[in-house]
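Values in this text are rule-based calculations from the coordinates and carry no lab data. Everything quoted here is computed from the prediction, not taken from an experiment. Because the Cβ atoms are built from the backbone with ideal geometry, glycine has one as well, and the counts that use them run over all protein chains shown.
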Amino acid sequence: MSRILTFNIFRYNPEDPGTPPRMDRIMLDETDRMTLFIALNRIREEQDPSLMFDFCCRAGICGACGMVINGRPGLACHTKTKDLPDTITLMPLPAFKLVGDLSVDTGTWFREMYQKVESWVHTSKEFDPTALEERMDNGLAEEIYELERCIECGCCVAACGTALMRPDFLGAAGLNRIARFIMDPRDERTDKEYFEIVGNDQGIFGCMGLLGCEDVCPKGLPLQDQLGMLRRKMAFTALKSLVGKHKHK
Ligand code: SF4
Ligand code: SF4
Ligand code: FES
């Protein structure tokens with residue numbers, strides 16, 4: 001027999017500040033292979049056309065549908081209701097600007113983060129459109145590709161205690177991004193230049209290392225390894241610069 005699900009859904013429209021935030025209780029019959037994407041669309045079509053939430057690809061690729069599902073950040077399109085209890089509480093991802101109800105603006109956060117980490121390959125080589133592609137070791141290309149799989153869903157940021165306390169924290173997504181460029185032999189930035197970006201409390205030294213980020217990442221990115229690598233590398237750079245200063249005294 002199919003279940004009747006109870007949804008508790010956060011409602012608030014920042015464009016209508018006179019109406020305070022509330023939780024709406026909505027009942028819905030569960031169908032076979034129902035995902036939260038299907039459930040929310042049915043709620044919008046059958047019960048409340050004003051409900052705001054984001055979806056694009058429905059396939060865990062675009063990263064638009066991140067939300068807090070029974071207390072845990074995750075992708076709504078990849079979450080099957082059969083894996084959840086009868087009562088499902090949906091909240092918007094914290095740490096991002098609320099657009100309305102379950103919809104948040106992750107784009108602004110990611111754009112600012114990309115600017116801070118200068119998210120492009122820094123090279124002094126002139127671009128020559130006629131030149132052959134530079135070769136890269138296959139294994140290394142795969143390692144870089146692994147980190148490029150981030151879909152910018154924001155789940156790791158929403159699960160991170162530091163990111164919730166400090167809006168300027170780069171978050172696991174930002175630290176992962178820097179790790180990707182450190183790995184890339186075409187990027188000519190020096191250890192000191194990387195240190196200036198991540199060797200501080202907005203970067204790796206603000207990370208508490210409890211790995212809420214890796215636990216919730218829907219793409220299974222190896223965030224723990226990147227955070228460990230950055231911590232070791234930045235501590236070593238700091239030490240090297242201290243020893244250097246000492247020698248010059
Ligand atoms: S390990 Fe670091 S980046 Fe990940 S959730 Fe904890 S504080 Fe945030
Ligand atoms: S690292 Fe994972 S959880 Fe974080 S934004 Fe990328 S895909 Fe989402
Ligand atoms: S709708 Fe694209 S990841 Fe869920």
Within the set D225, D215, D16, GNM on the chain using Cα springs under 10 Å gives the largest fluctuation to D16
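Could you give the dipole magnitude of the chain about its Cα centre, charging the beta-carbon of Lys and Arg +1 and that of Asp and Glu -1, in debye to the nearest 20? Kindly include the intermediate steps, with their values, before the conclusion.
On the way: 31 positive and 37 negative charges, 185 e Å.
The dipole of the chain has a size of about 880 debye.
Considering only the chain, what is the antiparallel percent among its DSSP beta bridges, to the nearest 5? Don't skip to the end; give the middle numbers.
Details: 18 of 22 bridges.
Counting DSSP beta bridges with both partners in the chain, the antiparallel share is about 80 percent.
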Among G203, V99, P129, the residue whose Cα sits farthest towards the positive end of the charge dipole of the chain (+1 at Cβ of Lys and Arg, -1 at Cβ of Asp and Glu, taken about the Cα centre) is G203
Filtered hits (lysines, Cα-Cα < 17 Å from K240, offset >= 8 within chain) -> K192, K249
For K125, counting only aspartates and glutamates whose alpha-carbon sits under 17 Å away and dropping same-chain residues fewer than eight positions off, the answer is E133, E134, D184, D187, E188
Sequence order, segment 171-176: Karplus ³J(HN,Hα) from phi using 6.51 cos²θ - 1.76 cosθ + 1.60, θ = phi - 60°, Hz rounded, Gly and Pro as x, gives x, 4, 5, x, 5, 4
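Distance check, please: which entries in K82/K219; K97/K233; K97/K219 exceed 25 angstrom between their Cα atoms? Walk me through the numbers before you get to the answer.
Numbers: K82/K219 21 Å; K97/K233 33 Å; K97/K219 23 Å.
The answer is K97/K233.
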The whole-number value in µm²/s of the Stokes-Einstein translational diffusion coefficient for the chain, with Rh from the Kirkwood sum over alpha carbon pairs at 25 °C and 0.890 mPa s, is 121
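Rounded, prolate or oblate: which fits segment 132-249, taking a ≥ b ≥ c as square roots of the Cα gyration tensor eigenvalues, rounded meaning a/c under 1.5, else prolate when a/b beats b/c? It would help to have the intermediate numbers written out before the result.
On the way: a/c = 2.35, a/b = 1.13, b/c = 2.09.
It comes out oblate by the Cα gyration axes.
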As straight-line cross-link partners of K80, the qualifying aspartates and glutamates (C-alpha separation under 15 Å, not fewer than 8 residues apart within one chain) are D29, E30, D32
Whole-Å distance linking the alpha carbon centroid of segment 129-161 with that of segment 1-26 is 37
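Order by neighbour count: S124, S241, S50, S103, fewest other Cβ atoms within 10 Å first, most last. Kindly include the intermediate steps, with their values, before the conclusion.
Numbers: S124 5, S241 14, S50 9, S103 20.
Listing S124, S241, S50, S103 from fewest to most nearby Cβ atoms yields S124, S50, S241, S103.
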Residue-ordered couplings for segment 153-158, obtained by feeding phi - 60° into the Karplus form 6.51 cos²θ - 1.76 cosθ + 1.60 and rounding to whole Hz (Gly and Pro as x), are 7, x, 4, 5, 6, 5
Of the residues A141, C213, F37, the Cα lying farthest along the dipole of the chain towards its positive end, which is defined by charges on the beta carbon of Lys, Arg, Asp and Glu, belongs to C213
In deg cm²/dmol, rounded to the nearest 500, the helical mean residue ellipticity at 222 nm of the chain, built from -39500 (n - 2.57) for every DSSP H run of length 4 or more, is -11000 deg cm²/dmol
Shape call for segment 59-99, from the Cα gyration tensor axes a ≥ b ≥ c (a/c under 1.5 means rounded, otherwise prolate when a/b beats b/c, else oblate), comes out oblate
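When a/c is below 1.5 the answer is rounded, else prolate if a/b is larger than b/c, else oblate, so apply that to segment 1-81 with a ≥ b ≥ c taken from the square roots of the Cα gyration tensor eigenvalues.
Working: a/c = 1.80, a/b = 1.24, b/c = 1.45.
Because a/c hits 1.5 or more and a/b fails to exceed b/c, segment 1-81 counts as oblate.
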